[in-house]
Amino acid sequence: MTRVWPVATVTDAARARIATARIAAALGVPVLERTRLVTALSARLRQCLTKGGSWRLTLEASAAPGGERSLHALVRPREDGEPTWRMAVRCTEEARTAGPDTVADGPELLAEALLGADEDTALVLGRLADEEELVAYHREELHQTNQGVLALHGELDAAGRAQREAFAAERAAHREAERARRRLTFLADASAVLTASLNHDEIVRRLPGLLVPEYARSVDVWLFDAEDEQRLPGPPRTEDGAPAAGVGGRGRPGARPAAAVLAARTGQPQYAAGHPGGLPGVDDQPPSALDPARPLLCIPLPTRHTPLGVLTLSPPGERWDPDDAVMLVELTRRASTAIDNARRFEHNRDIAETLQRALLTDLPRTPGLHLAARYLPATYGLNIGGDWYDAFRQPDGSLITVIGDVTGHGLHAAVMMSQLRTALRAYAVDGGSPGELLTRLHVLLRHLQPDLYATAVIARFHPDDPTVTWAAAGHPPPVLRTADGGVRILDAKPGAMLGIPLEQRIADHTLRLSPGCTLALYTDGLVERRAQGIDSGIERLAAALGGFRPAELDTDLEGAADRMLRPLLDDSPREDDVCLLLCHIDGRTDRTDRTGPTRQPGPPLS
């Protein structure tokens, strides 16, 4: 279907508009599409009339192969020019009977057109009202959605804040755990450093190096002496020049802070500053008059009875962290234990060294026979043990030399060694060979100390007889260097250890000596090492003894003893006491006494 209307005047335009509305309604164009078509056509025709000239409106109805119908409107100039405007609408409603090709003039046309337009307007307004309701509904839905989104954002923000707070708390806990780990590590390392020494002065010197600068800016250690301990029960002196209870103690001389004196008297840590410290287990005190601007933490060095002293520290910054203060109190307790143990060890060591010096023998002077002895305590321990040497004359003029070793170490072994030494000298007064003397010592030890054992070698030299008689009981064999430099190990069958639960009679062995011979008696600490057998140590000793020139042994037996020990002991720390006794027959032609006074055994070799 094709319809054409000429348009030259407003009336033509009105007729064309009315016709278009009627045809669109008849073909089933929906009211909204029809209204949109008529409105757009009116606007276009108005523009055409404004331009002037003749125009032509063409309406064409078409159907697609699929059955879809549509209405096309075209406006072009009258002279069959190209369309200047076109619009197509779909016919989606049921078609009505098509209207007439022409529209009559008159009032009826206008009335009908107005009524039709009002009807379409009413339909459009109804649709518009429905759309407004739908828009309002969707607006409400959007508002509710926005509220939900806002609530969700609020929850997300709260969750984010909670997560950030959790992360912050976790980081803080991690930092605190790391600080606690660092404190524990420091405490363990510092304890190892403090307990590694048994010299209390060395422990005191190490304390500042451990604490400065991380945990303290300055450290003062005040150790009490006897005068301090007598003063402490009384009232402390003032800080303004008068000496406090610390005069005479170690550390910073002069007046002591009142907080340090109070810590010493009460055994309670004190914090002296212009502000409360808030430190656990620490009492707050006014600032020290000696240094009011510097906070001081005064911690007593506790022991089982009375404090050893006071550790006074100043903070590395403004003040201490409470946990650091707790760690410092614990470190001070450990340092006090280390100092107390070192003092006890030093006291026992002094007793042991005094006893050991009392037990060392003055070697007798014998024409034609040189003696040199060395005693070196173990590297660790009380510097005293069961090793001993001795040399003395019997009533018949012969010279007894002995070297022995009591099992164990420390004061008990040293006391037992002293008893055996005294008993041997007593038995030797009655005479008797080395084997007989050892047999009597065996019986004595079995009855005196059934659970203690000893080893020994006794060698007897007689000035009128160029022989040596010796006997051994469980002891490393003597080593003999002959005048020509040869070395023999005198490993003739020895007796068993002294004190073991069996009857034994220890045999004597006799060997002829010539001038220039040297007999070495020693204990197992000289030749025995954990990583090696004792036999290899004896071979090293024999090689060292054989390496001397005869003149060295004749003229400087003491120096030879030192030179002999150094290569044998420098390879490792001494785990046991070392004893060496050299007996040298003078090899010079003139056998008169050239020895002079025999000097005391020298100090232990380093």
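The values are calculated or read from the model by the stated rules, or taken from the named source; none is laboratory data. This structure is a prediction, so every number in the text was calculated from the model and none was measured. Cβ coordinates were reconstructed from backbone atoms using ideal geometry, including for glycine residues, and neighbour counts include every protein chain displayed.
Confirm whether Tyr453 is surrounded by fewer than 24 Cβ atoms within 10 Å (Cβ to Cβ) and over 57 Å from the mean Cα position of the chain (by Cα). Spelling it out, it is not the case that Tyr453 is surrounded by fewer than 24 Cβ atoms within 10 Å (Cβ to Cβ) and over 57 Å from the mean Cα position of the chain (by Cα). Among residues of the stretch 296-305 being assigned to a loop (DSSP other than H, G, I, E, B) and not polar (S, T, N, Q), the one that is modelled with the lowest pLDDT is His305. In the stretch 472-521, the qualifying residues are those that are in a strand (DSSP E or B), in contact with a Phe, Trp or Tyr (Cβ under 9 Å, 6 or more places away or on another chain) and of a type outside the set (Val, Ile, Thr), and the one that is farthest from Ala561 (Cα to Cα) is Leu498.
In the set Glu68, Glu33, Glu93, which member is charged (D, E, K, R), under 26 Å from Val124 (Cα atoms), in contact (Cβ under 8 Å) with a residue 24 or more places away in the chain and touching a strand residue (DSSP E or B) at 6+ places or on another chain (Cβ under 9 Å)? It would help to see each step written out before you state the result.
Details: Glu68 fails: in contact (Cβ under 8 Å) with a residue 24 or more places away in the chain; Glu93 fails: touching a strand residue (DSSP E or B) at 6+ places or on another chain (Cβ under 9 Å).
After applying the criteria, what remains is Glu33.
Just need a number here: residues in the stretch 181-196 that are touching a helix residue (DSSP H, G or I) at 6+ places or on another chain (Cβ under 7 Å), surrounded by fewer than 17 Cβ atoms within 10 Å (Cβ to Cβ) and either in contact (Cβ under 8 Å) with a residue 60 or more places away in the chain or farther than 20 Å from Leu313 by Cβ (or both). Matching residues across the stretch 181-196 total 2. When restricted to residues that are surrounded by fewer than 16 Cβ atoms within 10 Å (Cβ to Cβ) and over 19 Å from Ala95 (Cα atoms), the stretch 5-41 contains 7.
Going by what's in this entry, would Glu539 be described as free of Cβ contacts under 8 Å to residues at least 12 places away in the same chain and either touching a helix residue (DSSP H, G or I) at 6+ places or on another chain (Cβ under 8 Å) or crowded, with 19+ Cβ neighbours inside 10 Å (or both)? Let's see the steps before the verdict.
Details: free of Cβ contacts under 8 Å to residues at least 12 places away in the same chain: yes; either touching a helix residue (DSSP H, G or I) at 6+ places or on another chain (Cβ under 8 Å) or crowded, with 19+ Cβ neighbours inside 10 Å (or both): no.
No.
Scoring Pro364 on the criteria (1) crowded, with 17+ Cβ neighbours inside 10 Å; (2) assigned by TED's automatic domain parsing to the domain that holds Glu558 leaves a single failure, condition (1).
Here's the yes/no breakdown for (1) among the polar types (S, T, N, Q); (2) part of a loop (DSSP other than H, G, I, E, B); (3) crowded, with 21+ Cβ neighbours inside 10 Å:
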| position | (1), (2), (3) |
| --- | --- |
| Leu290 | no, yes, no |
| Arg294 | no, yes, no |
| Pro307 | no, yes, yes |
| Trp320 | no, yes, yes |
| Val329 | no, no, no |
| Arg334 | no, no, no |
| Ala358 | no, no, no |
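Can you say whether Asp405 is at pLDDT below 85, charged (D, E, K, R) and in the same structural domain as Pro478 (by TED's automatic domain parsing), as far as the supplied structure shows? Judged against the criteria, Asp405 is not a match.
Restricting attention to the stretch 393-413 and to residues that are aliphatic (A, V, I, L, M) and in contact with an Asp or Glu (Cβ under 9 Å, 6 or more places away or on another chain), the residue that is farthest from Tyr453 (Cα to Cα) turns out to be Ile400. Consider the stretch 391-410 and keep the residues that are among the charged types (D, E, K, R) and surrounded by fewer than 24 Cβ atoms within 10 Å (Cβ to Cβ). The one that is nearest to Ala423 (Cα to Cα) is Arg393.
Got at least one residue in the stretch 127-142 being in contact with a helix residue (DSSP H, G or I) (Cβ under 8 Å, 6 or more places away or on another chain) and part of a helix (DSSP H, G or I)? Steps first, answer last, please.
Of all residues in the stretch 127-142, those in contact with a helix residue (DSSP H, G or I) (Cβ under 8 Å, 6 or more places away or on another chain) come to 127.
Among the residues that remain, those that are also part of a helix (DSSP H, G or I) are: 127.
Yes; the residues of the stretch 127-142 include at least one that is in contact with a helix residue (DSSP H, G or I) (Cβ under 8 Å, 6 or more places away or on another chain) and part of a helix (DSSP H, G or I).
Looking for something part of a helix (DSSP H, G or I) and β-branched (Val, Ile, Thr) - is there at least one such residue anywhere in the stretch 530-539? Looking through the stretch 530-539, at least one residue is part of a helix (DSSP H, G or I) and β-branched (Val, Ile, Thr). Between Thr523, Thr510, the distinction of being of a type in the set (Ser, Thr, Tyr), buried (at least 19 other Cβ atoms within 10 Å of the Cβ) and at pLDDT 90 or above belongs to Thr523 only.
Inclusion of Arg206 among residues that are under 29 Å from Ala335 (Cβ atoms), of a type outside the set (Asp, Glu), modelled with pLDDT of 90 or more and loosely packed, with under 11 Cβ neighbours inside 10 Å is not warranted.
Only a single item in (1) modelled with pLDDT of 85 or more; (2) in contact with a Gly (Cβ under 8 Å, 6 or more places away or on another chain) is not met by Asp576, and it is number (1). When you look at Thr469, is it crowded, with 18+ Cβ neighbours inside 10 Å, over 57 Å from the mean Cα position of the chain (by Cα) and in the same structural domain as Phe392 (by TED's automatic domain parsing), yes or no? So Thr469 passes the test.
Residues checked against (1) at pLDDT 90 or above; (2) assigned by TED's automatic domain parsing to the domain that holds Pro300; (3) part of a loop (DSSP other than H, G, I, E, B); (4) surrounded by fewer than 18 Cβ atoms within 10 Å (Cβ to Cβ):
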site: Gly241; (1), (2), (3), (4): no, yes, yes, yes
site: Ala244; (1), (2), (3), (4): no, yes, yes, no
site: Val247; (1), (2), (3), (4): no, yes, yes, yes
site: Arg252; (1), (2), (3), (4): no, yes, yes, yes
site: Ala260; (1), (2), (3), (4): yes, yes, no, no
site: Gly281; (1), (2), (3), (4): yes, yes, yes, yes
site: Asp284; (1), (2), (3), (4): yes, yes, no, yes
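Cβ-Cβ distances below 6 Å connect the following pairs, each with a first residue in the stretch 502-521 that is closer than 19 Å to Leu580 by Cα, a second residue that is buried (at least 16 other Cβ atoms within 10 Å of the Cβ) and not hydrophobic (A, V, I, L, M, F, W, C), and a separation of six or more residues or different chains: Gly516/Pro550; Gly516/Gly587; Thr518/Arg481; Thr518/His584; Leu519/Pro478; Leu521/Pro478. Between Val415, Val406, the distinction of being among the hydrophobic types (A, V, I, L, M, F, W, C), over 19 Å from Cys517 (Cβ atoms) and in a helix (DSSP H, G or I) belongs to Val415 only.
Hey, does the stretch 370-381 have a residue that's part of a strand (DSSP E or B), of a type in the set (Phe, Trp, Tyr) and either in contact with a Gly (Cβ under 9 Å, 6 or more places away or on another chain) or buried (at least 17 other Cβ atoms within 10 Å of the Cβ) (or both)? Yes, the stretch 370-381 has at least one match.
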